[in-house]
Every structure is written in C-alpha cells, then in structure tokens.
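Worksheet: the structure to be examined is printed underneath.
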Amino acid sequence: METKEDIKSRHLSILVILLVGSLLLVLTSVYILKTLSIIYGLGVGGIVQSSTDNAPVSSVLQVYAGSLASIHTGILEAYVIFLISIGLAGAAFLMFIRRYDRNLGSLSRFTIAHASLTFVFVLLFFIILSDFSASFDTYYVYFAYAGIAICFLVDAYLELSIRRPSPKTAKARRTISIDPSTPYSNLVTLQDELFPNMYGHMRIVDKHFNSSALGNLHRAMEKSITNFTKITILTSGEMLDSDFNSNLSDFRNEITGAGIDLEVRLMEDKDAVAQHERLLLDDKNAYKIPPFNIINKRSEHITKINFDEANRRFMHLYGRAMKLENYSLKQSRGGKTGDGAPAT
C-alpha cells in the first residue's frame with residue numbers, strides 16, 4: 001500500500017517535471033524573441049545600408065527588409081509569450097515550494113491557471129511559428145514542443161488526480177455513528193474515516209465551540225493536518241471559557257508551523273440563537289456534526305449533507321460575524337456585544 005510519504009514523494013517528482021516544462025517554455029520564448037530581434041535588425045540594417053549606398057537592398061536581406069511590419073508584430077507577440085512563460089514558471093515554482101507536501105486538492109487553482117496560460121502560450125507560439133518557421137532552428141522548436149507536452153500532460157494529470165476520488169474517499173461512509181459508550185473508539189473513527197477524506201479550507205460552525213472542542217478538533221485532525229491550508233471557526237461568546245484565548249494561541253502557533261492559517265469569528269447573537277445545526281465543511285464536502293466539545297461522546301450521527309447549501313449558510317454567517325480579536329478588545333473595554341455588531 002502506498003504510504004503518505006510515498007504520495008508526497010510522487011507529488012514532488014510531478015511538480016519538478018512541471019517546473020522543468022515551464023522553464024523550457026521560458027527558454028523558448030527568449031529564443032524566439034532573440035531570433036526575431038536579430039532578423040528585424042538585419043532588415044533595418046539592409047534598408048539603412050541601401051539608403052547610404054544609394055543601391056538596392058542586398059538580396060540576402062531583401063526578405064527581411066520587406067517584412068519589417070510583420071517581424072515587428074512577431075516581436076510584440078514574442079514579448080507577450082515571454083510574459084506568459086514567466087507566469088507559467090512562477091505558478092509552477094509556487095506549487096513546488098508551497099504545495100508539494102499537501103494533498104493535490106490544494107493545487108487545483110494553480111493547475112487551472114497554469115493550463116490556461118499554457119493554452120494561450122501555444123496559440124501565440126503557433127501563430128509566430130506559422131509566420132517565421134524558416135527562421136527558427138528545428139532543434140529549438142523540438143524543445144518548445146517538449147515543454148508544451150510536459151505542461152499539458154502534467155496539468156491534466158494533476159487535475160484528474162484532484163477530481164478523481166481516492167480509494168479511501170470512495171469508500172468513505174456518508175454517515176458515521178457516535179456511540180456514547182465508546183468515546184475513545186469514536187475519536188479514532190473520526191481520525192481514520194472523516195478527517196483523512198477532507199482537504200483544503202476546513203470550516204466549522206459550532207456556537208458552543210470552547211477549549212474542550214478545540215482539544216477534540218486537535219486530536220481528530222492530528223493525523224491529517226497536512227491536508228489543510230486554513231481553518232475557520234464560527235462560534236459564539238456563549239460558552240467561551242477563560243482559557244480559550246490562551247489555548248487558541250497555542251493551537252494557532254502549532255498549526256501555523258505546519259503552514260495552516262486559523263481564523264475564529266463570533267456569530268451575531270440572533271444568528272447564534274437561530275443556528276442549531278453544527279456544520280463541518282472542506283473545499284468539496286459538508287457534514288452535519290454533534291457539538292465539537294462532545295463530538296465523541298454524544299449519541300448522534302455525523303451525516304454528509306448538501307455542500308452548496310451548507311456553504312451558502314456558512315458564507316452568510318461568516319459575513320455577519322465578528323473577529324474574535326475584536327470581540328476580546330471590546331470585552332476588555334467593557335463594551336457589549338449583540339445584534340448589529342459589524343463584520344470586521
């Protein structure tokens with residue numbers, strides 16, 4: 001069976017190949033720009049020499065002198081594909097240095113952008129090639145073909161890997177039962193069957209999220225921490241304990257070291273009262289869950305629900321919620337929280 005380290009190594013190798021392909025396109029664009037600039041200079045030089053000597057343009061340079069307008073257009077196109085190639089290399093480099101140790105789902109926005117830029121590059125490349133094919137060395141053109149093929153194939157592979165569920169994901173149950181008589185086994189089930197199948201931006205809506213909930217979250221996601229890029233928690237001030245800020249700070253320091261952002265917001269009072277369901281979301285899935293502070297002890301089910309509806313609900317609550325830092329500052333000044341608190 002392929003281990004997590006094997007998967008990381010394979011992802012790294014794939015992204016190295018993508019970076020090489022992107023750099024080949026950078027070199028291709030530089031070669032095109034250099035070649036067109038040389039032949040443009042030859043054409044201009046032929047005309048200047050002809051004017052100086054009051055003689056016809058040399059037969060060797062006539063083809064260039066008579067095509068200055070199209071060569072100039074080609075140079076402008078070459079500048080465009082040079083900029084595109086820099087964008088391709090930049091996207092590949094970002095994936096390489098920041099994403100190679102995470103699940104492929106976190107690469108989706110990069111692969112789509114990279115594939116789109118590659119497509120534009122190919123269109124302009126073949127336009128230039130159709131007009132000036134005789135001016136380019138076939139050897140260098142083959143390098144361009146190799147870079148284009150690598151970029152398209154790797155982008156396609158990454159995107160298919162992102163969209164094709166892994167065997168583990170395909171077998172994941174839509175419902176997980178929580179037995180209050182086996183709290184330890186319940187937590188192991190969450191570690192093995194729920195959080196390993198979640199990726200990207202984890203979002204939690206739980207109006208009673210406190211230090212106990214934070215501890216359960218840490219234990220449940222500990223084995224799958226590299227799956228995530230950000231955690232956003234929506235809660236309320238109703239059950240925040242005196243140690244919550246200190247525990248949250250420690251938790252934030254730990255996961256920041258793993259490259260994960262953390263944000264906690266407090267729902268408006270009206271929203272907190274109306275929001276009875278606890279929700280857990282990632283980039284593609286949503287679940288109805290028990291309260292996190294007793295998620296492994298309450299006789300309930302964790303059930304997969306409609307992602308779009310859950311995401312809309314989350315975004316509505318998030319847009320009206322207050323950052324925990326602002327709430328704490330307001331409390332320290334003796335202010336009151338309540339309806340109409342601005343979302344900041």
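Pairs are defined by a Cβ separation below 8 Å, a sequence spacing of at least 6 or placement on different chains, a first member in segment 172-191 that is closer than 14 Å to Arg298 by Cβ and charged (D, E, K, R), and a second member that is open to solvent by 60 Å² or more (accessible area, probe 1.4 Å) and in a loop (DSSP other than H, G, I, E, B); the pairs so defined are Asp179/Ser299. Residue selection: Thr169 satisfies the criterion of being open to solvent by less than 50 Å² (accessible area, probe 1.4 Å), at pLDDT below 85 and either more than 13 Å from Leu15 (Cα to Cα) or touching a Gly at 6+ places or on another chain (Cβ under 6 Å) (or both).
The set of residues from segment 55-68 being open to solvent by 80 Å² or more (accessible area, probe 1.4 Å) and under 13 Å from Phe132 (Cβ atoms) comprises just one member, Val63. Listed residues Ile81, Ile86; which is at pLDDT 75 or above, of a type outside the set (Ser, Thr, Tyr) and either open to solvent by 60 Å² or more (accessible area, probe 1.4 Å) or touching a strand residue (DSSP E or B) at 6+ places or on another chain (Cβ under 8 Å) (or both)? Unique residue meeting the criteria: Ile86.
So the check is Cβ under 9 Å with 6+ separation or different chains; which pairs have a first residue in segment 307-334 that's in contact (Cβ under 8 Å) with a residue 24 or more places away in the chain and a second one that's aromatic (Phe, Trp, Tyr)? Filtered contacts from segment 307-334: Ala310/Tyr287; Leu324/Phe244.
Scanning segment 255-275 for residues that are open to solvent by 60 Å² or more (accessible area, probe 1.4 Å), modelled with pLDDT of 90 or more and either part of a loop (DSSP other than H, G, I, E, B) or farther than 15 Å from Lys323 by Cα (or both) yields Lys270, Val273, Ala274.
Only residues that are open to solvent by less than 40 Å² (accessible area, probe 1.4 Å), at pLDDT 90 or above and not in a loop (DSSP other than H, G, I, E, B) were counted across segment 312-344, and they come to 3. Residues that are surrounded by fewer than 15 Cβ atoms within 10 Å (Cβ to Cβ) and free of Cβ contacts under 8 Å to residues at least 24 places away in the same chain within segment 16-54 comprise Lys34, Ile38, Gly41, Val48, Gln49, Ser51, Thr52, Asp53, Asn54, listed in sequence order.
Across segment 177-204, which residue is surrounded by the most Cβ atoms within 10 Å (Cβ to Cβ) among those that are hydrophobic (A, V, I, L, M, F, W, C) and part of a helix (DSSP H, G or I)? Once the filter is applied, the top-ranked residue is Leu190. Taken over segment 215-251, the criterion of being part of a helix (DSSP H, G or I) and either within 22 Å of Gly319 (Cα to Cα) or touching a residue at least 40 places away in the same chain (Cβ under 8 Å) (or both) is satisfied by Asn216, Leu217, Ala220, Thr226, Asn227, Asn245, Leu248.
The values are calculated or read from the model by the stated rules, or taken from the named source; none is laboratory data. Keep in mind that what you see is a predicted model, and the values were worked out from it rather than measured. Every residue, glycine as well, gets a Cβ built from its backbone with ideal geometry; the counts of neighbours run over all protein chains shown. SASA here: full protein model, heavy atoms, side chains in, ligands and nucleic acids out. Shrake-Rupley method; radii C 1.70, N 1.55, O 1.52, S 1.80 Å.
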